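The values are calculated or read from the model by the stated rules, or taken from the named source; none is laboratory data. Fair warning: this is a prediction, and the values are worked out from it, not measured in the lab. Positions of Cβ are backbone-derived with ideal geometry, glycine not excepted, and every protein chain shown enters the neighbour counts. Areas reflect the complete protein model, heavy atoms only, side chains present, ligands, DNA and RNA absent. Shrake-Rupley method; radii C 1.70, N 1.55, O 1.52, S 1.80 Å.
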Amino acid sequence: MTATAEKNTRILRAGIVGGGRDAFIGAVHRIAAELDGQARIVAGAMSSDPAVARDSAKAWNLVRSYASYEAMAREEAKRDDGIDFVIVATPNHLHAPVAIAFLEAGIHVACDKPLADTLDHADAIAKAVRKSGKLFLLTQTYTGYPMVRAARAFVAEGRLGKLRKVQVEYNQDWLRDPIERDGNKQAEWRTDPARAGISCCVGDIGTHAQNLLEFISGQQVESVCADLTSFVDGRKLEDDASMLLRLEDGAKGTLVCSQIACGEENNLTIRLYGTKAGLEWHQQEPNTLTIKPAGKPWEHWRTGTGYVGAEAVTATRTPAGHPEGYLESFANLYVDFIAALRRANAGESPRAGFPGVVDGLRGIRFVQAAVESSRQGSAWVDVQAR
């Protein structure tokens with residue numbers, strides 16, 4: 001077997017930066033990357049605190065632990081058994097330096113969203129991706145759900161008709177109290193402008209809503225009229241946002257995101273209305289896609305059934321009636337990413353069908369437009385094109 005063939009059949013080696021003790025998203029990335037037996041995390045620089053980094057790596061049974069991401073990028077690039085890709089699971093302000101370090105070392109990157117803390121840093125990542133020629137995955141989780149992919153195919157096939165109206169909302173309540181002052185690390189960095197960037201709520205969950213809207217509809221948000229509010233006294237970044245949207249082909253929409261909506265857990269919902277039909281999907285009940293044909297009874301499409309279309313069937317792991325959710329959706333992104341890596345290793349076109357740096361730039365430009373709109377008294381602000 002040639003070296004190239006061996007690289008294309010073995011389990012890929014992954015590394016992770018961030019995601020150490022008390023970090024929610026690190027474990028999610030690990031489960032998702034390893035779920036289908038295509039990759040294993042073997043190395044990490046899991047915290048800026050050397051003791052936490054060492055203990056976290058030991059808890060995960062990693063082969064190699066590093067005290068810094070710089071050392072990790074440098075040393076892994078030298079090894080014959082070095083990592084094939086790295087996972088960036090740090091707070092937003094570190095996405096750019098970490099991603100760029102590994103891209104410059106010739107290592108593919110999977111990065112948590114949003115792409116960066118500022119547009120300048122997002123542009124720097126995009127430049128590094130282009131220069132390196134390496135693949136870049138942005139983990140926009142909800143694009144991996146089978147019924148989200150069924151919804152996108154339904155729209156792309158013209159069955160919705162001309163899109164007129166979009167409503168998307170993402171409501172949580174975990175920041176309803178000032179828990180960042182009580183030692184909650186996840187709240188501390190998300191509400192800190194130095195680490196989160198110019199936005200908390202819109203950057204954290206509003207970008208998911210915007211990305212889901214654009215993924216399903218196939219249309220970009222052209223401009224926003226936004227009202228951002230920090231309801232918790234003393235909080236420096238917003239915890240709630242309400243927006244009007246104008247899409248590129250004339251459709252109008254609303255986007256609401258909140259992290260202080262009492263009683264809500266992770267309520268991401270989207271509705272699209274066209275001239276022929278409407279559709280509706282709820283993340284907390286992800287196995288159902290509701291289709292609303294004009295003048296006909298509603299249809300409730302279910303995950304695991306053959307009629308939902310090839311893309312949704314491919315993204316489904318369990319028989320109909322068995323719940324599939326967040327971790328499986330996350331893993332679908334890694335399945336697509338790893339398949340592209342294997343094609344690239346074989347000298348073929350990667351045909352990347354997963355969210356990447358372009359989607360990340362769209363998200364950061366959306367955040368910037370929303371913040372600027374709110375600062376201008378909810379004036380209409382254009383979202384920069386690709």
Counting only DSSP beta bridges fully inside region 145-258, the antiparallel percentage to nearest 5 is 70
DSSP beta bridges in the chain, what fraction antiparallel, as a percent rounded to 5? 60
Nearest-20 debye value, region 258-385 charge dipole, Cβ charges on Lys, Arg, Asp, Glu: 340
Within region 291-373, DSSP-loop chymotrypsin sites (Phe, Trp or Tyr not before Pro) with at most 16 other C-beta atoms within 10 Å are W298
Give me the accessible area per residue for the chain, probe 1.4 Å, as a whole number in Å². 42
Kirkwood Rh and Cα-based Rg: tell me the resulting Rg over Rh for region 223-268, rounded to two decimals. 1.07
Are there any trypsin sites (Lys or Arg not before Pro) in region 140-177 that are in a DSSP loop and have at most 14 other Cβ atoms within 10 Å? List them by number. R159, K162
What's the percent breakdown of Cα-Cα distances in the chain across 10 Å bins, shortest bin first? 5, 23, 32, 26, 11, 2, 0
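Treat every Asp and Glu Cβ in the chain as -1 and every Lys and Arg Cβ as +1, leave all other atoms uncharged, and give the resulting dipole magnitude about the Cα centre to the nearest 20 debye. It would help to have the intermediate numbers written out before the result.
On the way: 45 positive and 48 negative charges, 229 e Å.
That gives a dipole near 1100 debye.
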Just to be sure I follow the definition: excluding the sites themselves, where is the longest run in the chain that has none of the GluC sites (Glu not before Pro) in a DSSP loop with at most 13 other Cβ atoms within 10 Å? 1-156
Candidates per chymotrypsin sites (Phe, Trp or Tyr not before Pro) in region 70-150, loop by DSSP, up to 13 other Cβ within 10 Å: none
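How much net charge surrounds A277 when only the other residues with a Cβ under 10 Å from the Cβ of A277 are counted, with Lys and Arg +1 and Asp and Glu -1?
+3
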Using the Kirkwood radius over Cα pairs, work out the Stokes-Einstein diffusion coefficient for region 277-386 at 4 °C and 1.567 mPa s, in µm²/s as a whole number. 74
Charge-dipole axis of region 1-159 as Lys and Arg at +1 and Asp and Glu at -1 on Cβ define it, positive-most pick from Y145, Y69, I100: Y145
At 10 °C and a viscosity of 1.306 mPa s, what translational diffusion coefficient does Stokes-Einstein give for region 36-92, taking Rh as the Kirkwood radius over Cα pairs? Give it in µm²/s as a whole number. 134
Return a whole-number percent for the relative contact order of region 143-261, with Cα pairs under 8 Å and 6 or more residues apart as the contact set. 34
Can you give the convex hull volume of the alpha carbon atoms of region 154-277 per residue, in Å³? 100
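Treat region 204-322 as a sphere of radius equal to its Kirkwood radius over Cα pairs and apply Stokes-Einstein at 10 °C in a medium of 1.306 mPa s; give the translational diffusion coefficient in µm²/s, rounded to a whole number.
Using the Kirkwood radius from Cα pairs, D works out to 97 µm²/s.
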How high is the relative contact order of region 22-172, in percent, with contacts defined as C-alpha pairs under 8 Å that are six or more residues apart? 14
Inverse of mean 1/r across different Cα pairs in region 94-160, Kirkwood, Å: 13.4
Shape metrics for region 190-251, restricted to C-alpha atoms - Rg then Dmax, Å: 13.2, 40
Give, as a single signed number, the net charge of other residues whose beta carbon lies under 13 Å from the beta carbon of R40, with Lys and Arg counted +1 and Asp and Glu -1. 0
So which of K185/K236; K162/K296; K252/K292; K276/K296; K162/K292; K113/K292 end up more than 21 Å apart by C-alpha? K113/K292
Relative contact order for region 220-284: what is it in percent, counting Cα pairs under 8 Å that are at least 6 residues apart? 22
Cα lying deepest toward the dipole's positive end in region 208-284, options N266, H208, A277, charges on Cβ: A277
